[in-house]
Amino acid sequence: MTDYPILRNIMDLARPETWQLSLDLGDETIARWLVAADIARIRRVYFIGAGTSCYAGEVAKRIWERLVGIPCEAWYAFDLAAYGEPELLNSEALVVGISTTGGTGTVVDALRLAERGGAQTLAVTAYPNASVAQAAQGVVLTGGDTDLTPVKSKSYNQSLVSLYLLALALGKTRGRVTDADEAYWRDQIAQAAHGVRRFLETQLGEIDALVQTYVSTQMVFMLASGPNLGTIHEGALKVIEMAKMYSEPTELEDFLHGRYREVDQVTPMFFLAPDGRSSAHLLDVLTTNVYVKAPSVVFTDQITPPLREMASQILQLPSLDELATPLLYATPLHYFAHQMAIARGWDPLSRRYDDIVPARVKYGNLEAGLIR
C-alpha cells in the first residue's frame, strides 16, 4: 500500500474510528444546535455547497424528505447567492451550508443572503471557526479535518454521516422518527461503515480489474436514480479530477431521452443500482445495452439471473436500505478514479494544465500492477 495522500484518505474509511468521530461530533453539535433552532417554523430546506459538498446535499435531500417530511432542494451555492429570491428565504426556510474546508466563499455569501431574508442557517463543516461557520447561526461538525488534499474523499462520507444524523434529530423532534426508527437508521450507518471496510479489505482487486479493462477509454457514463443521484455526481467529479477523463452523470431515465445516442461499444456505463424502486427499470436499460453491445458495469447488492446475464461486470456490495446506500457506494468510485489516474499515467492531485510529472515517473514502474 503506497502512502499516497488521496489513497490514504480513502483507506482511512476502513478504520471504525473515522466513522465514530463523525458520529460523536455530529451528535454533540446537533444537540447544541437544536437548543437554539426554531424547528417548528421550518417548512422547507435548501442544501447549498460547491462540488463534493453540493453532491452531499443532493443525497441529503432524499433522507431528509423521508425522515423529516419537509420539501428539500440542493442548490449550487453561487446559484442561490446570485439568483435566490429573498422572499423565499424567509423564517420558514432552513439553509444548510455544506463546506468541509469551511472556506467556500459562495457558501458564505448564500448563508448571509439567507439570514438577511430571515431564514435559519446552519453550517456543516469540519472546522468550527471557519468563515462558513461564522456566517451561520449554528454549526454541525463532520470530523473531516484530516482530509487535507484538494481532492476530497473520506470527508464526503463524513459529511453524509452528519447530514443523516441531522435528519434523524429533526425527524424525532417533529414526531416522525420513533426510537425504533432511530435505532434502525443508526444501524444502517454502522452497516454502511462495515461495508466500506469490507470493500477496502477484500474487493479492491475487482476495481483494479475494471481499471485494466477500461484504461484505454476516454469517458465513463454514471447512471443512477433516487438516493444515488448525488453519488454519481460525486463519482463523476472524482474521475474528472483524478483520472483526467470525461465523465457524465445522468439520472437513469433521463439518459434515455437523447443522451443514449452517445452510447458505443467501448465507453463503459456504470450503474449504481442497489435493490430498490428503480431495479426493474435498470433491466430495461441493460436489455438495450446488450442489443447495442454497450459495456455495463453494475454496482448492486442483489445479483439476479437477468442481471448476471446482461451486465458486463458486477460489483456486489452488502445489502442496505436503499436510502443508506450513498454512504457505501461512493467509496468504490473514489478508488476507481484514483487507480484510473495511476493507470493512465497521471498524478491524481495534478491538474491537466499543470507541468505534470507522470505518475509512472513519480511512483516507479507501474507494469508490475496498479498501486495500492
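Filtering segment 63-74 to residues that are surrounded by 18 or more Cβ atoms within 10 Å (Cβ to Cβ) and touching a strand residue (DSSP E or B) at 6+ places or on another chain (Cβ under 8 Å) leaves Trp64, Val68, Ile70, Cys72, Ala74. Scan segment 299-330 for residues that are open to solvent by 10 Å² or more (accessible area, probe 1.4 Å), assigned to a loop (DSSP other than H, G, I, E, B) and among the β-branched types (Val, Ile, Thr) and the total you get is 2.
Could you tell me which of the residues Leu229, Leu223, Leu210, Leu170 is farther than 22 Å from Ala294 by Cα and hydrophobic (A, V, I, L, M, F, W, C)? Of Leu229, Leu223, Leu210, Leu170, the one residue that is farther than 22 Å from Ala294 by Cα and hydrophobic (A, V, I, L, M, F, W, C) is Leu170. Scanning segment 234-246 for residues that are open to solvent by less than 20 Å² (accessible area, probe 1.4 Å), of a type outside the set (A, V, I, L, M, F, W, C) and over 17 Å from Ser53 (Cα atoms) returns a single hit, Lys244.
On the stretch given as segment 267-291, residues that are surrounded by fewer than 20 Cβ atoms within 10 Å (Cβ to Cβ), part of a helix (DSSP H, G or I) and in contact with an Asp or Glu (Cβ under 9 Å, 6 or more places away or on another chain) total 2.
Of the residues screened, Leu333 is not one that is under 24 Å from Gln203 (Cβ atoms) and surrounded by fewer than 21 Cβ atoms within 10 Å (Cβ to Cβ).
Restricting the first member to segment 251-267 and to residues that are more than 12 Å from Phe221 (Cβ to Cβ), and the second to residues that are surrounded by fewer than 14 Cβ atoms within 10 Å (Cβ to Cβ) and aliphatic (A, V, I, L, M), no beta-carbon pair is closer than 6 Å while six or more apart or on different chains.
The residues on offer are Gly205, Gly230, and the sole one that is under 30 Å from Ser162 (Cα atoms), open to solvent by less than 60 Å² (accessible area, probe 1.4 Å) and not polar (S, T, N, Q) is Gly230. Of the helices (runs of 4 or more DSSP H) contained entirely in segment 1-77, those carrying at least 2 residues that are among the aromatic types (Phe, Trp, Tyr) and either out of contact with any Pro (no Cβ under 7 Å at 6 or more places or on another chain) or over 23 Å from Val108 (Cβ atoms) (or both) fall at 16-36, 52-67. It is to be established whether one or more residues within segment 217-226 are open to solvent by less than 20 Å² (accessible area, probe 1.4 Å), closer than 29 Å to Val239 by Cβ and either aromatic (Phe, Trp, Tyr) or without any contact (Cβ under 8 Å) to a residue 12 or more places away in the chain (or both). Looking for residues that are open to solvent by less than 20 Å² (accessible area, probe 1.4 Å), closer than 29 Å to Val239 by Cβ and either aromatic (Phe, Trp, Tyr) or without any contact (Cβ under 8 Å) to a residue 12 or more places away in the chain (or both), one finds at least one in segment 217-226, hence yes.
The values are calculated or read from the model by the stated rules, or taken from the named source; none is laboratory data. Everything quoted here is computed from the prediction, not taken from an experiment. Note that each Cβ is placed from the backbone with ideal geometry, even for glycine, and that neighbours are counted across all protein chains shown. For accessibility, only protein heavy atoms count, side chains too; no ligands or nucleic acids. Shrake-Rupley method; radii C 1.70, N 1.55, O 1.52, S 1.80 Å.
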